[in-house]
Ligand code: SP5
Ligand code: ZN
């Protein structure tokens, strides 16, 4: 058995070692670890998928999708933190913000960039779970590059980490730093596509992707995810009423699911998303492929099986040329088989 889906991957993705996450005031081990990428790579290679090195790209597209100041911040914050002595002198071995310039804090004041690195650390970040270390920037860039698969591929998979769908135009969080899927969609537009459908099947709502394209009709965003109103990250977005705005009105669709939802409910919702996407006649499809909806996953209460992911792969790939972008998925013992199932399902369509 060989899996005819190119797996685009950058070795640099291993260099991000977040060293845990600060959740509710306590530093936990965290689940977005380098071993995720190794497990995925080994399982896909064993299934016969070709492993293709990502090509390095310049930052032109990246800097249209994201505020260039966010990109510069991420590129430099570790060196500044380190030079200020936080790791060596204060035992702070990762960048963790402690002040966030919320709208309520500023009350209309201009948003400054504080000179002190510990003040500046929260300037572009919205949570305490998304730590930056010495290798983070190389991995963040490698992940974006992996998503920029050569245009014209009928089906490809970007094995990238850190994931990206929680990153807005100018704020990172949720274990994500730059929005790999959003940059991939923008690249497909730049290569001539007129309309893109993004289908996000990560267990969490992709608030960043939603926000980036919220007012645009050229990129439709649809997501199924555990209901944020039932107590799940990202808490502040992912509700049904969020339908897009301005010229993008009607081009955003959220289908929040009750905790405990399994294959039946999940695939019924995905079928509805796919029907809506198909009606747009997209030139290409970007899939935010989170594997954390699986029953075994420690970060979500959804109960999807391997068979569910196989069916999902077939459904999304039947919409058109498809780029699958790896997002979440944290159960190391089952991660590989889940990815193989999703790609195998997608491959049944692409080679019909
Ligand atoms: C890309 C992605 O899947 N991001 C998910 C971010 C959600 N993280 C929420 C973490 C909450 C604390 N985790 C503790 C898990 C205990 N079971
Ligand atoms: Zn997730």
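Residue order for 33, 144, fewest other beta carbons within 10 angstrom first, comes to 33, 144. Pull out a ≥ b ≥ c, the square roots of the eigenvalues of the alpha-carbon gyration tensor of the stretch 122-257, then state rounded if a/c is under 1.5, prolate if not and a/b is larger than b/c, and oblate in the remaining case. It is oblate, given that a/c is not under 1.5 and a/b is not larger than b/c.
Legend: ranking of residues 120, 154, 55 from fewest to most surrounding C-beta atoms inside 10 Å; resulting order 55, 154, 120. What fraction, in whole percent, of alpha-carbon pairs in the stretch 27-87 exceed 17 Å separation? It works out to 69 percent of all Cα pairs. Each label point was placed 7 Å from the Cα along the Cα-to-Cβ direction; for residue 103 and residue 169 their separation is 1.4 nm. Helix content alone sets the calculated 222 nm mean residue ellipticity of the chain: runs of n ≥ 4 DSSP H residues at -39500 (n - 2.57) each, divided across all residues, give -10500 deg cm²/dmol. Label positions at residue 112 and residue 194, each projected 7 Å from the Cα along the C-beta direction, are separated by 5.0 nm.
Across all Cα atoms of the stretch 252-335, the radius of gyration (one decimal) and Dmax (whole number) stand at 12.8, 38 Å. In this calculation the C-beta distance from residue 79 to residue 51 is compared with R0 = 51 Å, giving a FRET efficiency of 0.95.
Across the chain, Cα-Cα pairs more than 31 Å apart make up 27 percent of the total. Taking 0.36 nm per residue of separation and subtracting the Cα-Cα distance, full extension of the segment from residue 28 to residue 138 would add 37.2 nm. Once you divide the Cα radius of gyration of the stretch 1-140 by 2.2 N^0.38 Å, the number left is 1.26. Bridges between two residues of the chain, per DSSP, are antiparallel at a rate of about 15%. Per-residue Cβ neighbour counts within 10 Å put 57, 16, 73, 166 in the sequence 57, 73, 16, 166, beginning with the fewest. All distinct Cα pairs of the stretch 195-260 go into the 1/r average, and the inverse of that average, the Kirkwood radius, is 11.5 Å. Computed from the C-beta positions of residue 240 and residue 275 and an R0 of 22 Å, the FRET efficiency is 0.85 to the nearest 0.05.
Taking a ≥ b ≥ c as the square roots of the eigenvalues of the alpha-carbon gyration tensor, the stretch 65-106 is classed oblate because a/c is 1.5 or more while a/b is no larger than b/c.
Throughout, read-outs are computed from the coordinates displayed, never taken from laboratory work. Small disclaimer: the values here were computed from a predicted structure and weren't measured. Reconstructed Cβ throughout: ideal geometry from the backbone, glycine too, with neighbour counts over all protein chains shown.
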